[in-house]
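Presented below is the structure to which this report refers.
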Amino acid sequence: LGDIDVHPRPPTFYASGRSVVISDYQNAQYFGEIQIGTPPKPFKVIFDTGFSNLWVPNTECGFACLLKSKYDASQSATFKPNGTIFSIMYGSGPVSGHLSYDTVGVGGLKARGQEFAEVDTVTGLGLAYGIGRFDGILGMAFPAISVDGISPVFQSLVAQKQVTEALFAFYLGNHAPGELTLGGVDPKHFVGELKYVPVTSDTYWETALHGLSYGGAKASAATKCILDTGTSVLAGPTKDVAAIAAKAGATPVLGTGEFMIDCAAVDSLPELDITLSGNTFKFKGSEYVVKTSTFGQEACLFGFLGIDVPEPRGPLWILGDIFLRKYYTVFDVANNRMGFAEAA
């Protein structure tokens, strides 16, 4: 228990203009609004703790961006050119464009002269982007993994003294709106005390994984995990996930790493226990299964995804929105730690 720090009085919550509403699409996509430029133009972004850059589409982006809000540098009085080529690789290809500077507004705070990417190619995201509810991504991980060494937006807010405390916190709704709080925490969204664990790598929001068991039996030998708001499920080594899915009676979806499960079986599924620094976080079946509805047909996605992260970064587990929905999570930049309490 040496790593655990119970903090009975949470940091101050700054209520005025410091929170962003997080919209929830089918418990699978969470996004909120930012503004870029002068006058400010709104964009819906995924606030992603597994990524460190900000990108939004620009007016050169073609058919894939038809329904998206697009950045137009010529319409902003605070735009400054950079022009450096920007490119990142996603699963099926690149997201690319070039870098620019402008004012980025988040929850009433402003990061002036923020370097960001305006992208014209989004092929790397495939169909998911075209039908997704978001325009871009705002990364909230550490500068060390930022493409081109760009300061992440939150670090810019800290440097420009826009926040009093260098921390932010997520409350993800369950088929309901949630909240991102910048520069504080919101006590009305959790119960009990925040339990803190140390960040073990200033890259992703990574900490030690001391145990993962399913139905009372050890289910993984991995020793680290990252907390990732940009991943909707729990992702872990493919062998571990396959064994968990088999124990649950879930059926693989060919070629995806995903599994479906009979909705009628959800209430009788085993308990999942995740232990971080001496504190065990428990999930019943209904909390790790994502129910979806398409054309009136209900389906149940088993909330585990097989993904193998090679050494030395892996093997690891990615604790995505399934974890964050149940546990209010504080990302404390100043003290290099994360805090958890049951969401309310």
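At a glance:
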read-out	value
Descending semi-axes in Å of segment 258-344, equivalent ellipsoid built from Cα gyration tensor	27, 17, 13
Cα→Cβ-extended label distance, 7 Å offset, between Thr123 and Asp72, nm	2.7 nm
HN-Hα J in Hz across segment 231-239 - Karplus 6.51, -1.76, 1.60, θ = phi - 60°, x for Gly and Pro	10, 7, 10, 9, 10, x, x, 4, 5
Alpha-carbon centroid distance for the pair segment 216-270 / segment 279-344, whole angstrom	11 Å
Nitroxide proxy distance, nm - points 7 Å out along Cα→Cβ at Asp308 and Arg112	5.1 nm
Hull volume in cubic angstrom per residue (convex hull over the Cα atoms of segment 99-171)	125 Å³
Segment 137-216: translational diffusion in µm²/s, Stokes-Einstein, Kirkwood Rh over Cα pairs, 20 °C, 1.002 mPa s	141 µm²/s
Residues with amide H under 5 Å from that of Leu276, placed H, sequence gap 5 or more	His210, Phe281
Heavy atoms of Glu165 accessible to a 1.4 Å probe, total area in Å² rounded to 10	50 Å²
Cα pair count fraction exceeding 20 Å, expressed as % - segment 155-309	58 percent
At 1.306 mPa s and 10 °C, Stokes D of segment 201-270 from Kirkwood alpha-carbon radius, µm² per second	116 µm²/s
Across the chain: Cys residues that no other cysteine approaches within a C-beta distance under 4.7 Å	Cys225
Listed residue (Leu254, Ala111, Gln29) projecting farthest to the positive dipole end of the chain, Cβ model	Ala111
Gyration tensor (Cα) of segment 77-207, equivalent ellipsoid semi-axes in angstrom	27, 20, 16
Rounded to 5, the percent of DSSP beta bridges in segment 48-191 classed as antiparallel	85 percent
Relative contact order [Cα under 8 Å, 6+ residues apart], the chain, whole percent	20 percent
Residue-level accessible surface for Arg313, protein heavy atoms, 1.4 Å, Å²	70 Å²
Cross-link partners of Lys224 among lysines (Cα-Cα below 29 Å; sequence separation of 8 or more within a chain)	Lys195, Lys239, Lys247, Lys282, Lys284, Lys291, Lys326
Sites Ser87 and Thr292, calculated FRET efficiency, Cβ-Cβ separation with R0 25 Å, nearest 0.05	0.15
Cβ-Cβ FRET estimate between Ala344 and Phe281, R0 fixed at 22 Å, reported to 0.05	0.90
Volume per residue that the Cα convex hull of segment 8-153 spans, once the total is divided by residue count, Å³	130 Å³
Counting all C-alpha pairs of the chain, share separated by more than 39 Å (%)	12 percent
Accessible area (Å², 1.4 Å probe, nearest 10) - Thr181	0 Å²
Calculated over segment 172-220: convex hull of Cα atoms, volume per residue (Å³)	174 Å³
Computed P(r) (all Cα pairs; segment 11-97; 5 Å bins; percent)	3, 10, 16, 23, 23, 14, 7, 4, 1, 0
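The values are calculated or read from the model by the stated rules, or taken from the named source; none is laboratory data. Please read these numbers as outputs of a predicted model, since none were measured by experiment. Every residue, glycine as well, gets a Cβ built from its backbone with ideal geometry; the counts of neighbours run over all protein chains shown. Just the protein is used for accessible areas: all its heavy atoms, side chains included, with ligands, DNA and RNA removed. Shrake-Rupley method; radii C 1.70, N 1.55, O 1.52, S 1.80 Å.
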